[in-house]
1. Between R54 and R27, what length in nm is gained on full extension when 0.36 nm per residue of separation is reduced by their alpha carbon distance?
2. When the chain is fully extended, how far beyond the present Cα-Cα distance does T137 get from A92, taking 0.36 nm per residue of separation?
3. Note down the nm distance, to one decimal, between modelled labels 7 Å out along Cα→Cβ at D81 and at K103.
4. Go through G52, A133, A144 and say which Cα lies farthest out towards the positive end of the charge dipole of the chain; charges sit on Cβ, +1 for Lys and Arg, -1 for Asp and Glu.
5. At 7 Å along Cα-to-Cβ for each site, give me the label-to-label distance between A15 and S146 in nm.
6. Treat the range 25-97 as a sphere of radius equal to its Kirkwood radius over Cα pairs and apply Stokes-Einstein at 37 °C in a medium of 0.692 mPa s; give the translational diffusion coefficient in µm²/s, rounded to a whole number.
7. May I ask for the percentage of alpha-carbon pairs in the chain that lie more than 21 Å from each other?
8. Sort 27-39, 69-81 for me by packing, meaning the mean count of neighbouring Cβ atoms within 10 Å per residue, highest on top.
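Values in this text are rule-based calculations from the coordinates and carry no lab data. Not measured: the values here are computed from a predicted model. With ideal geometry, Cβ positions are generated from the backbone for all residues, glycine too; neighbour counts draw on all protein chains shown.
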Amino acid sequence: MLPMMARMAMGTIVALGLSSPSFDAGRPIPRRFTCEGANVAPELSWEGAPPGTRSFALVVEDPDAPGGTFIHWVVYDLPADARALREGTLPAGARQGRNDFGKTRYGGPCPPPGPAHRYHFRLYALDRTLDVAAGATADELRRAMSGHVLAEGQLIGTFGR
């Protein structure tokens, strides 16, 4: 796992501000964005990309899943000038990796009945686009990002059934 904040070459710690008009940090994710609703990706926006950013990558994961961390969405090669993802869409050039549902698309929160789970939306500013195959897994993406993360942001939402 990459650290929450990455150090740039000059030693400055850089953090991206990641937020969503679809849900507040630490609060429940509306059903529309889950398996019980339309199962569309929520809108996200960010700020604070450092100079030298060439692309962004996003991983959405549930660390509370019964079998260990469950990956809900893998997105990479988001354009360097992107500052938002609109609900259910991706900008031209962005690619999606394979989630733990076995799909190359967003898979919303869908925990088993019980306590609410936490869903981590992790955005990375990278100094290059990634040379990974279409449908890359989160692990493959993280290996390709190693040494290329300029900054990172995180947004956590919850959902329970």
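1. Roughly 6.6 nm would be gained on extension.
2. That pair, T137 and A92, stretches by 14.2 nm at full extension.
3. Taking the simple label geometry, D81 and K103 are separated by 3.2 nm.
4. Towards the positive end, the residue furthest out is A133.
5. Computed distance between label sites A15 and S146 equals 2.6 nm.
6. Diffusion coefficient, whole number: 239 µm²/s.
7. 41
8. Final packing ranking: 69-81, 27-39.
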